[in-house]
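Before any comments, here is the structure.
The values are calculated or read from the model by the stated rules, or taken from the named source; none is laboratory data. For clarity, every value in this text was computed on a predicted model and none was experimentally measured. Glycine also receives a Cβ, built like all others from the backbone with ideal geometry; neighbour counts cover every protein chain displayed. Surface accessibility is based on the protein's heavy atoms, side chains included, excluding ligands, DNA and RNA. Shrake-Rupley method; radii C 1.70, N 1.55, O 1.52, S 1.80 Å.
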Amino acid sequence: MSRLTHTLAALTLFALTAGCSSASVDEASVAAAASANASPDPDSPFWVDPAGPAAEQIELWRREGRTADAALLRKIADQPAALWPAGEIDPGPTVRAATSAAKAEDRTALFVAYNIPHRDCGQHSAGGAADADTYRDWIGRFAQALGDAKALVVLEPDAVAHIVDGCTPGEYHAERERLLGEAIDRLKQQPNTKVYLDAGNPSWIRDPEKLVEPLKRAGLETADGFSLNVSNFQTDAVTKKYGLRLSQDLGGKHFVIDSSRNGNGPLPGAWCNPPGRALGTRPTTRTDEPALDAYLWVKRPGESDGTCEGGPAAGQWWPEYALGLARNAQGS
């Protein structure tokens, strides 16, 4: 799509294959991965995947003698990033494995539910569930797998904003809003799950007031809040200002910001794998703003936006782009 990009491929705890992976992840595999070198912040509430693609790349580059580059990638490997379970297969094994590992550390697992029918208007991340009943079944399996673990779910990037910008045909709007509301209700049946319904980014729907009624129709009232800047590059300052305006229009609803790749802000005119970008604020709940619940890495840094600027398919790991994000990041 022209404004926002996403992770499409299935993310397992150990492997990324071309397209959506059919591999499942079991709890024994998670335990085996504990020997990986991820070093999560002891003060962070969020779980770090010990064998994500950055961690695997570090081991490969160490064996190849690229020790300096491997060290730079620790900036990614040591940070919590959301898992995007595949829509084409049962999300349960991936979700259970992650929540089991997070629960053992008393941390919160981060997820994105991204499988709404007619997803992304047929663009880079096209796909989604075949129909409403397929989506209901998928989200039910997703929610059941969360159990009583602490989890945070960003729900359906694009879905509401594509209603507002008209990219999603009008005949699908009512069904989509109904499915989003049902998904929120189902996920919120899990006692320790927080849900944030996606609301696009400041460069997309420039007037946040246009989002208010669609978000309400999609069930935002029963969610914990909304998410902004998923897979995009808008700065923290711009996104927070936008979020506060939208929050005010929604009666003080809270929000989270994807800061995974916004360290250098956006590159004008480029939305897909723009060069020269940098990692942004590391995931934290310390925001100094009551309505802003967290900065998160929703988009997994280093995974492609799509086949542009020499990148692989959407969601696939691109080590050299990851290295650029890390190299350009400010601070440690």
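Values for this structure:
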{"item": "Subset of the range 231-253 [in contact (Cβ under 8 Å) with a residue 40 or more places away in the chain and not in a loop (DSSP other than H, G, I, E, B)]", "result": "ASP236, LYS240, TYR242, GLY243, LEU244, LEU246, SER247, ASP249"}
{"item": "Residues (among the aromatic types (Phe, Trp, Tyr) and either surrounded by fewer than 21 Cβ atoms within 10 Å (Cβ to Cβ) or touching a Lys or Arg at 6+ places or on another chain (Cβ under 6 Å) (or both)) located in the range 167-197", "result": "TYR172"}
{"item": "Test result for GLY324, surrounded by fewer than 22 Cβ atoms within 10 Å (Cβ to Cβ), touching a residue at least 40 places away in the same chain (Cβ under 8 Å) and in a helix (DSSP H, G or I)", "result": "yes"}
{"item": "Residues located in the range 270-307, provided they are surrounded by 21 or more Cβ atoms within 10 Å (Cβ to Cβ), small (Gly, Ala, Ser) and in a strand (DSSP E or B)", "result": "ALA294"}
{"item": "Of the criteria (1) closer than 19 Å to LEU228 by Cα; (2) open to solvent by less than 10 Å² (accessible area, probe 1.4 Å), which one VAL164 fails", "result": "(2)"}
{"item": "Test: residue in the range 262-269 that is part of a helix (DSSP H, G or I), over 15 Å from the mean Cα position of the chain (by Cα) and free of Cβ contacts under 8 Å to residues at least 40 places away in the same chain", "result": "no"}
{"item": "Scope the range 205-230; condition part of a loop (DSSP other than H, G, I, E, B) and in contact with a helix residue (DSSP H, G or I) (Cβ under 6 Å, 6 or more places away or on another chain); matching residues", "result": "ILE205, PRO208, ALA218, GLY219, ALA223, ASN229"}
